[in-house]
Structure formats: C-alpha cells, structure tokens
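Before any comments, here is the structure.
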Amino acid sequence: MKLISWNIDSLNAALTSDSARAQLSQAVLQTLVAEDADVIAIQETKLSAKGPTKKHLEILTDLFPGYENTWRSSVEPARKGYAGTMFLYKKELEPIISYPEIGAPSTMDLEGRIITLEFPEFYVTQVYTPNAGDGLKRLAERQVWDACYADYLASLDQNKPVLATGDYNVAHNEIDLANPASNRRSPGFTDEERQGFSNLLAKGFTDTFRHLHGMVPDHYTWWAQRSRTSKINNTGWRIDYWLVSDRLADKVQESSMIDSGARQDHTPILLEIDL
C-alpha cells in the first residue's frame, strides 16, 4: 500500500490560482498524480465551512480520477478558512470515515484537524496539529491537545493497528531541524512539544522515517517561506511524519520525502507498507 501526506497550505490556491507559488504547488500535485498512491492525506486546506466548491471538486476529479474524497473544515466559533483536512482515496477501498473530536481545549476540535479512515484490518488517520503560535500563546492548549491526541491514537491502536500521519508541528529531536540552538523556544521546538511527541511514541508508535533511516541528518519536510534561501541552504525542519503502530514497523518498506522542487513550505511525505 502506498500513502502520501502533504500540508498544501491552501487547497483553493493550489487548484485555482495562477500565482508563481500556486504554479509550484500545481507541479507538486502533478507529482502526486504520477505517484498513484492509494491514499493521499492533505492538511491545511483552508476551505470554508462548506468545504470544496463545485470547481474544486471538478479539478480534483480531473487530477485524480478514480478517487473519492472526504474533507473537514473549520467551523464557527473557530476561525473561518483556517486549518482543515482532506483525504483522497481510491474508490475501491471503501473505508468507514469518522471525524473525531478528542476533548481538546478552546476551539481546537472545531478546526477540522483530524479525519480517520477505518479499513477491515487497520486505521489510517491524519492530523493537522495546532501550532503553539507566536509568543507561544497557544502552548498550554497545545500541550492539552498533544495528550488528548495521544490518548485518541492509543484508543484506536487497542482495536486494530494504526497508520497516522500529518503535520505534527514539532521537530522531535535536535537532528530534526537545521538550527536547534537558536530555536530552543520557538514554536515547534519547545521542550514541552518535544516531550508531547515522545509521550505519543511511548504509547506504542514508531516514527517510520527514523525506523528505516536511523539518525541521518539534513532530512526535512518544511522550509520557511519567509526566508528566500531556506530551501537552497536546506535550513529546514522535519515536522511531518508517518507513524505506525509498533507491531507494523517491520512491514514498512519506504518512508521518505517527495521532492517538491523549488517550492518552500511543506513537502509531501511517502509511506509504503506491506499490509
């Protein structure tokens, strides 16, 4: 089975805009088309509460014929056009779809952050983890989220094995970002967020990239858009993950980043697993 995850940073822009950045996003979409994955998880869709428009759906159908889609958007009182997730999956798969709420604080459960696909023998679930925010203003809430999410994954894992993916908004170890010393209290690299991710793994989950590749340096999934040279200089962060239940770890055949060319921000990540 082949699965891909990508934080797209606005589905509408990627599908309908003709800006230079949108053209880079469209090139990545063509790369995903060629990959012919069974399941594609997309984060940060930034769609309205009504979800994809008719035009969006037409473009997605043209790009990915033979796929169904399911989506979840931010709904009031959460911010409009914020966060959001979507799955594309091959029609023959026919999963049971759920849109879980995990008891998260504030409006986090209303921001469209988790979708789960249930298959006969396993789950595939994606998450767009809340950012701790400028000045770490959301860090306390983020810590509660991390605990609630870890409990949710563990509850799935008690029933059947789990493949979990998404933008986790945390670089787990120093090797997971280019400049750890200067980012010690930056959102995504606080001790609290890193510990939250450690706690998640301790509940029975494996970081598939590290499982296959060990502690190789300089492998990232995100490069800051605000720095023109972040990708050229590879001053990135690894904050997007494919996790699997520990009992599936040895079935993982590939876990890697998909080249997104000159486009900064997130790059897609690939999982191939023998299920």
Can you confirm whether W223 is touching a residue at least 60 places away in the same chain (Cβ under 8 Å), of a type outside the set (A, V, I, L, M), touching a Ser or Thr at 6+ places or on another chain (Cβ under 9 Å) and surrounded by 22 or more Cβ atoms within 10 Å (Cβ to Cβ)?
no
Give me a count of the residues in the range 226-272 that are more than 22 Å from L29 (Cα to Cα) and either surrounded by 19 or more Cβ atoms within 10 Å (Cβ to Cβ) or touching a Leu at 6+ places or on another chain (Cβ under 8 Å) (or both).
6
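Could you list all residues from the range 179-196 that are of a type in the set (D, E) and more than 21 Å from H219 (Cβ to Cβ)? Talk me through it step by step, then tell me what you get.
Step one: of the range 179-196, the residues of a type in the set (D, E) are 191-193.
Within the range 179-196, D191, E192 meet the criteria.
Answer yes or no: is there a residue in the range 77-85 that is hydrophobic (A, V, I, L, M, F, W, C) and more than 18 Å from the chain's Cα centre (by Cα).
The first filter runs over the range 77-85 and keeps only residues hydrophobic (A, V, I, L, M, F, W, C), leaving 78, 83.
When the remaining residues are screened for being more than 18 Å from the chain's Cα centre (by Cα), the result is 78.
Yes.
Filter the range 30-55 down to residues that are under 27 Å from F209 (Cα atoms) and buried (at least 19 other Cβ atoms within 10 Å of the Cβ), then give me how many there are.
So in the range 30-55, the residues under 27 Å from F209 (Cα atoms) come out as 30-45.
From what is left, the residues that are buried (at least 19 other Cβ atoms within 10 Å of the Cβ) are 32, 37, 39-45.
Number satisfying all stated conditions: 9.
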Return the pair list, or none, for Cβ contacts closer than 6 Å from residues in the range 242-269 that are without any contact (Cβ under 8 Å) to a residue 40 or more places away in the chain to residues that are among the β-branched types (V, I, T), at least 6 apart or on different chains.
K251/I273; M257/T221; M257/T267; M257/I269
Here is a check on your reading of the model: is L47 within 18 Å of I115 (Cα to Cα) and either touching a helix residue (DSSP H, G or I) at 6+ places or on another chain (Cβ under 8 Å) or of a type in the set (K, R) (or both)?
yes
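Can you find a residue that is of a type outside the set (A, V, I, L, M), over 21 Å from T221 (Cα atoms) and touching a residue at least 40 places away in the same chain (Cβ under 8 Å) anywhere in the range 6-13?
In the first step, residues of the range 6-13 are kept if they are of a type outside the set (A, V, I, L, M); the result is 6-7, 9-10, 12.
Next, from what is left, pick out any that are over 21 Å from T221 (Cα atoms): 12.
Still in the running and touching a residue at least 40 places away in the same chain (Cβ under 8 Å): 12.
Yes: one or more hits.
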Report, by residue number, each residue of the range 207-248 that is farther than 21 Å from A41 by Cα, of a type outside the set (S, T, N, Q) and assigned to a loop (DSSP other than H, G, I, E, B).
G214, M215, V216, P217, D218, A224, R226, R228, K231, I232, G236
Taking strands (runs of 3 or more DSSP E) that fall entirely within the range 1-78, which contain at least 1 residues that are in contact with a His (Cβ under 6 Å, 6 or more places away or on another chain) and within 26 Å of W242 (Cβ to Cβ)?
2-7
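Read-outs: derived from the displayed coordinates by stated rules, not from any lab. What you see is a predicted model; the values in this text were computed from it and never measured. Ideal geometry is used to build each Cβ from the backbone, glycine not excepted, and the neighbour counts take in all protein chains shown.
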